[in-house]
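No lab work stands behind these numbers, since they all come straight from the coordinates. What you see is a predicted model, and the numbers here were worked out from it, not measured in a lab. Here the Cβ is made from the backbone with ideal geometry for all residues, glycine too, and neighbour counts use every protein chain on show.
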Amino acid sequence: MSRTVDGHTGVPDDLRDTVTFELEEIDETVAAMVAEQAQERPRDGEFITQRLGLDGERPETLTLIGARYELSRDRVRQLYTRAVGQMVRRVQATGLPDTAIFAARYPVDWGDQRLVRTLLGEIYATDTDIAGQDLAYLRLRLAGHALMDAKRVAGFVFQQIAGWQQRGRWHAVPRFTEPVAGQLIPLIRHTDWASGDPTPLPELPLTTVDTADDARGSIFAEKLSRETSFDTALEARLLRMLDESEQVATYTERPLAVDYRLDEVDRLHYPTAAARLTDGRALLIDVVPLARIAVHGNRIKLAAARAAAHERGWGHLVFTGSRMSEPDLRAHTVPAPAENILRNRLAEGPVDWTEFRRYRDETDIQLTDLSAMVLRHGWRWERGPFRLIRQG
C-alpha cells in the first residue's frame, strides 16, 4: 500500500496507513500502569484515563474533567501531573510493566525533529490533539528520555498543534493530492440517510462547559462569515471540507447534544457538525478516527447520534480520517481461518490482551481486520484495559 505523508509533519493523508497494533500495545501498557495506580488512588485512574483517552474515546479537556469533579482546571492539572509522576516513578523503580516497546518506538538517540514527527503522526491518527502534549511527555518518559528532554520535545509537539489551531487560516496539513473540498463527495455517498423531510439546522453551535478552553482551535469560516471552533486537526479537516464544498449550503459545528447511556452511566455527546446540502438534504457528522471506530464506547455513542439524526430527518455520517468508511470496514475481508479461530474462541468467553496478542502473532491480522470483525459480528471491544467479548 502506498503511503503519502507530509514531509515536514509526518502526518499521513489517509489514517488507514497508520492503524497498527503497536499503538494499541502502547496504550495497553499504559492502561496496566494506570490500573496499578488506581488500586491506591482510584481517582488518579479516572483522571489519567479520561485525560489521555485510554478507553478509546477522545481525550477530555481539563476544564471538562474539572466540571465533572467540581474542581478548577488548574487543580485538575495539578492532580493529573502528580498522578502521572507517581506512576512513572513506580514503573522506573519496579521495572513493571515492561516498557521496551516505548524505548523501541521513541529511541533516546533520535533527534528532536524525528521524535516530534513520530508523535504528531500518532496524535493526528488517533484524534488526541487535546492531550497531545501530555501523551508525548508520558511516552517519552517511559521510553527512557530524561525529564527535561521529555518536557522539551513535548513542548515542541504542543507548539505544532497550536500551529494547526492558529486563528485566521485553515489547518494546512496534510497536503492532499486532491482538493480538500472534493474529498467530501465520496463521503456523502456513505451517509446513512433518513426518510422524511429534514428539520432546519441550528444557526449557532451549542455552548459547552469547556467551549472557551484554550485546547480548542478556532478559524474563520468563509461560508458562515464567523469563526468556527474545533478540538482536533481531524475536525478542522472536516470543517474545511464543509466550508469549501460546493455541495454544502451551510453547516454548524456542535449542532446538538445527544444523551446516551454507557454501562449504566448517563453521558452526553456533541457530534462534530451538521450540514445542509444544496439539494436540501441534511446530515449529522461525527469524527471518530479509523483506529477507534469499533471500540465499544464509540459504538454506543454513534448509535445514539444516528438515532438523533434520523429523528430529525437527517442522515448520519462518520468521518474516519480515511478513504475507508464505516461501511467499507464492515465489508473488509479477513482471512477466513483467522476469523473462524477468533469466533470459536470468543464462544468460550472473553479474551484479554495477553491471549489476543498471541492470537495476533499467530495469524498476523491487522487492526483493520479486528475492527471489521467487531463491527460485523457485534462483539464488544473494550480498551484500557483490552477485553474482547462476544455479546448475545
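Here are a few things to note about the model shown:
- Stretching the chain fully between Ala162 and Thr333 yields a gain of 57.7 nm (0.36 nm per residue, less the alpha carbon separation).
- Among the chymotrypsin sites (Phe, Trp or Tyr not before Pro) in region 339-392, none sits in a DSSP loop with a Cβ that has at most 10 other Cβ atoms within 10 Å.
- The chain: DSSP helices with Cα axial extent of at least 20 Å and average Kyte-Doolittle hydropathy no lower than 0.0: 147-164
- For Phe319, distant residues with modelled amide H under 5 Å away: Asp286, Val287, Val288
- With at most 16 neighbouring Cβ atoms within 10 Å, loop GluC sites (Glu not before Pro) (DSSP) excluded, longest segment of the chain: 71-202
- When only Cα pairs below 8 angstrom with a gap of at least 6 residues are kept, region 281-364 shows a relative contact order of 30 percent.
- Extension gain for Asp192-Tyr270 works out to 26.2 nm (0.36 nm per residue, less the C-alpha to C-alpha distance).
- Longest site-free stretch - the chain; sites: trypsin sites (Lys or Arg not before Pro), DSSP loop, at most 12 other Cβ within 10 Å: 190-392
- In order along region 247-254, the Karplus-derived 3J(HN,Hα) couplings, from 6.51 cos²θ - 1.76 cosθ + 1.60 at θ = phi - 60°, round to 7, 9, 7, 7, 7, 9, 7, 6 Hz, and Gly and Pro are given as x.
- Alpha-carbon Debye profile of region 243-392, log10 I(q)/I(0) at 0.18, 0.19 Å⁻¹: -1.07, -1.15
- Here the relative contact order of region 198-295, from alpha carbon pairs under 8 Å that lie six or more residues apart, stands at 24 percent.
- Its relative contact order, with pairs defined as Cα atoms under 8 Å and 6+ residues apart, puts the chain at 18 percent.
- Amide hydrogen proximity for Arg58: with H placed 1.01 Å from N in the peptide plane, no residue at 5 or more positions away or on another chain lies under 5 Å.
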